[in-house]
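Chemist: Take a look at the following structure, please.
Derivation of every value follows stated rules applied to the coordinates shown; laboratory data play no part. The model shown is predicted, which means the values in this text are computed figures rather than measured ones. Ideal geometry is used to build each Cβ from the backbone, glycine not excepted, and the neighbour counts take in all protein chains shown.
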Ligand code: AHM
Ligand code: MG
């Protein structure tokens, strides 16, 4: 019997990779199981949203002052409950929560801290456009016994032990940056299992798409405007196509698979831009760098940005290695 004839499920794949770490306790596999389960539950609700009562706004604003969609709230609750039940998480930070959730280590030390944007791109929900969940996992740095703390969450993205996202699109895909590379798993809805569909993703150094909200052009600095204008109408290179979904997770997923560049730069009056370091830009930076691409603020690698607060923002430029290098050259020349 050819055992390789059937592609691996997510858990088969992770269990196999964990065998390379003799000191592994199984806690990481338990965590990935929790993340997978939570994204499957969210995926089911996103797909059925138009039929039920989960469309629309709650009437509340979150810590960022943004309106909260019902599905944002559902996705946040699902992530928090599912990760808490794994027993391996000591602290949780979320776009939807002003302060972190600190969890006790009930039976054994909980070695991981997790940050997430439970439903990224939520302004796209009501119009049936792709949305997603983005997450980053740090190893705990607080004493292993007792309750986790803010220090477990406020770590530079270079310290991430795993980063990933699920896109709820024409299919649901979970993409994970693990120690051995970046891998994509497509949800088989009949089985309820994620199946390895995109092993060892590598982003092409140069792509044919560029992606940014050009509606903000008038707010960009001169340097950013000059760089992005050159992607729009290249002086020396073939023309490219513009793509902009307005869900980071969808724009990043396309860029990772097809190549190109995505930018949400800072603005003259808002130098840090819109996207959040710890649960949007940081995980994306880990995914892109591990897939052979690059991620920068325009001044420094995103992976090296030291967080000060849970909801810090940062400019973000991600893409293929050559495309990001070209952006940096255009900005700084
Ligand atoms: P959200 O996390 O509240 O959905 O906001 C973040 C989203 C990103 O998904 C996307 O890249 C960006 O905001 C789009 O912003 P804009 O509408 O300014 O282009
Ligand atoms: Mg978001």
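Chemist: May I ask for the angle, rounded to the nearest 10°, between helix 70-86 and the longest principal axis of the chain, with both axes built from Cα atoms and the value confined to 0 to 90°?
Modeler: That helix lies at roughly 50 degrees to the long axis.
Chemist: Still on this structure, I have one more. Can you give the direction-averaged projected area of the convex hull of the alpha-carbon atoms in the chain, in nm²? Mind showing how you got there, number by number?
Modeler: Details: hull surface 72.2 nm².
Spelled out: convex hull of the Cα atoms, projected over all directions, averaged, 18.0 nm².
Chemist: Please work out whether segment 120-227 counts as rounded, prolate or oblate from its C-alpha gyration tensor, where a ≥ b ≥ c are the square roots of the eigenvalues and a/c under 1.5 means rounded, while otherwise a/b larger than b/c means prolate and anything else oblate?
Modeler: Oblate shape, in that a/c is at least 1.5 and b/c is the bigger or equal ratio.
Chemist: Hey, what number do you get for the chain at 222 nm if only DSSP H runs of n ≥ 4 count, each worth -39500 (n - 2.57), divided across all residues, to the nearest 500? Walk me through the numbers on the way to the answer.
Modeler: On the way: 8 runs with 95 residues, N = 333.
The helix-only estimate for the chain comes to -9000 deg cm²/dmol at 222 nm.
Chemist: Given a Förster distance of 41 Å, report the FRET efficiency between residue 221 and residue 60 from their Cβ-Cβ distance, rounded to the nearest 0.05.
Modeler: On the way: r = 34 Å, r/R0 = 0.83.
For residue 221 and residue 60, the calculated efficiency is 0.75.
Chemist: Given a Förster distance of 35 Å, report the FRET efficiency between residue 269 and residue 180 from their Cβ-Cβ distance, rounded to the nearest 0.05.
Modeler: 0.25
Chemist: Would you mind ranking 25, 17 so that the residue whose beta carbon has the fewest other beta carbons within 10 Å leads the list?
Modeler: Least crowded to most crowded, the residues run 25, 17.
Chemist: Right, next: Does segment 3-198 come out rounded, prolate or oblate, given a ≥ b ≥ c as the square roots of the eigenvalues of its C-alpha gyration tensor, rounded meaning a/c under 1.5 and, failing that, prolate meaning a/b above b/c? Display every interim value, and only then the final one.
Modeler: Working: a/c = 2.05, a/b = 1.13, b/c = 1.81.
Here segment 3-198 falls in the oblate category.
Chemist: What's the exposure ranking of 332, 183, going from fewest to most Cβ atoms within 10 Å?
Modeler: Lowest to highest Cβ neighbour count: 332, 183.
Chemist: What spacing in nm lies between the two simple spin-label points modelled at residue 145 and residue 190, each 7 Å away from Cα in the Cβ direction?
Modeler: 5.2 nm
Chemist: Something else about it: Measure nothing fancy, just the Cα-based angle from helix 321-332's long axis to the longest principal axis of the chain, in degrees from 0 to 90, nearest 10.
Modeler: Once rounded, one gets 50 degrees.
Chemist: Just to be sure I understand the model, the point goes 7 Å from the Cα along the line to the Cβ. What's the resulting residue 229 to residue 23 distance in nm?
Modeler: It works out to 5.3 nm between the two label points.
Chemist: Can you figure out the FRET efficiency of residue 84 with residue 198, using R₀ = 35 Å and their beta-carbon distance, to the nearest 0.05?
Modeler: Approximately 0.75, to the nearest 0.05.
Chemist: Ok, one more. How far, in nm, would the chain grow between residue 208 and residue 159 when pulled straight, counting 0.36 nm per residue and subtracting the alpha carbon separation?
Modeler: Extra length available between residue 208 and residue 159 comes to 14.5 nm.
Chemist: For segment 228-333, what's the relative contact order in percent, using C-alpha pairs closer than 8 Å and at least 6 residues apart?
Modeler: 28 percent
Chemist: Would you work out the relative contact order for the chain, in percent, from Cα pairs under 8 angstrom that are 6 or more residues apart?
Modeler: 15 percent
Chemist: Give the separation of the Cα centroids, segment 1-42 to segment 145-213, in Å.
Modeler: Cα centres, segment 1-42 to segment 145-213: 14 Å.
Chemist: Now for a separate question. Determine, at each q value in 0.13, 0.14, 0.22 (inverse angstroms), the log₁₀ of I(q)/I(0) that the Debye formula gives when each Cα of segment 228-333 is one equal point scatterer.
Modeler: Computed log10 I(q)/I(0) values: -0.44, -0.51, -1.28.
Chemist: Say each of residue 332 and residue 239 gets a label point 7 Å from the Cα, pointing the same way as Cα to Cβ; how far apart are those two points in nm?
Modeler: 3.1 nm
Chemist: When 173, 147, 318 are ordered from fewest to most other Cβ atoms inside 10 Å of their Cβ, what list results? Walk me through the numbers on the way to the answer.
Modeler: Values: 173 23, 147 14, 318 30.
Neighbour counts put them in this order, fewest first: 147, 173, 318.
Chemist: Just to confirm the number: angle between the C-alpha axis of helix 222-232 and the first principal axis of the chain, 0 to 90 degrees, nearest 10?
Modeler: So the inclination is approximately 90 degrees.
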